[in-house]
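The values are calculated or read from the model by the stated rules, or taken from the named source; none is laboratory data. As the structure is a prediction and not an experimental result, all values here were calculated from the model. Positions of Cβ are generated from backbone atoms using ideal geometry, with glycine treated the same way; all protein chains shown enter the neighbour counts. Surface areas here come from the heavy atoms of the whole protein model, side chains and all, with no ligands, DNA or RNA. Shrake-Rupley method; radii C 1.70, N 1.55, O 1.52, S 1.80 Å.
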Amino acid sequence: MTEPTAAVLLRGGSVLLRGGSVLPGTETPRSRAEEETPVRADVLVADGRIVAVGTDLDVPADTTTIDCGERLVLPGFVDAHSHAGSLVFDEAVQLGLLRQGVTTIVTGQDGVGPAPGDGSYADRYFAAIDGPHPRYRGGGVAALLATYDGTTPVNVATLVPAGTVRHEVLGDDDRPATPVEAEAMRALVRQGLSDGAVGLATGLDYVPGLFADTAELAALCTEVAAADGLYVSHMRGGYEGNARAGLDEIAALVRATGARAHVSHLHAPVELAVTALAELEAAGAPMSFDAYPYSRGCTILSMLLLPADLARPGTEDLARAVADESGRLRVRGAVLDRVLSRADLGTGWADQITLSHVPAAEFHALQGRTLAEAAAATGTDPVDLALDVLVDSALQVTVVMRVPRPRTADELAPLFRLPGHTAGSDGIFVGTHPHPRAYGTFPRYLAEYAVPGRLGWSETVRHLATTSVDRYRLGDRGRVRAGAVADLVVVDPARVAARSSYAHPMRLAEGIDDVLVAGVPVLAEGALTHATPGAGLRRDGAHTGGR
């Protein structure tokens, strides 16, 4: 009986990707026309690395061959903003990632993650976004990264989540840190970076991250700069109406500490974002950023509607506040004040918010409906319904938000063309009606932007792979060249497409049927091979090393 290809390769066999083409890329200066002309080349892989790229290669006799036909062999894609770190052991999630060509994800986003601590804070607060981690019960970043070594088909890198760090030291208190507490937080960040974290992430709209002032963030960013990590921020105060203020705060941190900076899910008016980023770079505060090719956003409903004192995870604060009529009236007023003051919501807010994940059994059937539709169906008011759903679901509710004016692909192209842009799905795999970006971000980029007049193939691939590898210090991957780690995807440019939509968000992508991680096939003919060569990626320069 013939052994599975993956089993042979895990013993050290070689594989030949034959008959495909590669993009010349950016290793040497060349014209755009040259970059966009695929070059016929075979790719030989052995011992986890690319051995050779070209024609007439010297191929060992026992080599396994993958026929690439008229397809492109590209570096594996990096999801620079992922919420799949706790769910990546689930085969449905693995398939959703690999069918997009994603071979590495970066987690710990928005300031919330399992480590440091025992994981309970993240499990409570972000259960509706990240889901509970099934294997981590404490031990810090080193122990968290170890849960991915040889247990998944994709690589996982993590950021030190600043909100979790603050929670470990101060709980959910809304106050400045004392000098002793500030040093304790710095020590946790320093240890996480030493263990291999690729940087520090803040979520400045989430509890308790929103309680951190700029001075506290600067103290933590000093540790990031010393380790040459990346400071990654979900900016303070929203994006659509307040993006410039958030960017200016990050710029102040860059100038004060020397840290390299990255903006999470930069969802802002395109002209404002392009102009502000150019001005900040000229002023000595350059930033990279991630973005996804969709107009709608997705978040937890408690952050969107509730004042911070009622949005603390794992408490009964909201239930107590709405227990009597006078309390409910006060909370209703606070909710309406919040939504009506947001530039991205306004008076039609209940029509713009779709329930994505609602664990409460009584309201489970409302998933996929807007708050306005759900309120009409249940004979109540959108605010009262939202409060009831949040109380009965212990705040674990996610929603998809429609924006007043969606931007077209042509309008978004100038933002995505900036050299600091990286692709990040911000994908959430929890719930029955998630945002389609979880299943479609990367093929949508290829289908809509790897075209003449927008970005083209080579430039798009740089944003989907190479730039993230370089910014996050993810080792020698992200390029199809001899010596690089063999994280590779085979793409059919004629077929690649996202099939997920707002109506059918969990449909798998098409056009990417073969994927290798560390030289081992993890997706073959569109199906999982069940090989698990993925690893917890440690930042280049961290003392723990790592692949």
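For this structure, a couple of remarks:
- Taking Cα centre as origin and charging only the Cβ of basic (Lys, Arg, +1) and acidic (Asp, Glu, -1) residues, the dipole magnitude of the stretch 460-547 rounds to 400 debye.
- Share of pairwise Cα separations in the chain, more than 30 Å, in percent: 48
- Here the stretch 357-413 and the stretch 88-141 have alpha carbon centers that stand 23 Å from each other.
- Of all DSSP-defined beta bridges confined to the stretch 44-188, some 30% are antiparallel rather than parallel.
- Helix-only mean residue ellipticity at 222 nm for the chain, each DSSP H run of n ≥ 4 adding -39500 (n - 2.57), per residue, nearest 500: -9500 deg cm²/dmol
- Each peptide among 368-381, 324-337, 127-140 gets the average number of other Cβ atoms lying within 10 Å of its residues, and from highest to lowest they stand as 127-140, 368-381, 324-337.
- The DSSP beta bridges internal to the chain are antiparallel in roughly 55% of cases.
- Spatial separation of Cα centroids for the stretch 443-515 and the stretch 199-230, in angstrom: 30
- Peptides 70-81, 91-102, 152-163 ordered by average Cβ neighbours within 10 Å, highest first: 152-163, 70-81, 91-102
- Charged side chains reduced to their Cβ positions (Lys and Arg at +1, Asp and Glu at -1) give the stretch 377-534 a dipole of some 600 debye around its Cα centre.
- Just the protein heavy atoms count here, and of the accessible area of the chain at 1.4 Å, carbon and sulfur take up 52 percent.
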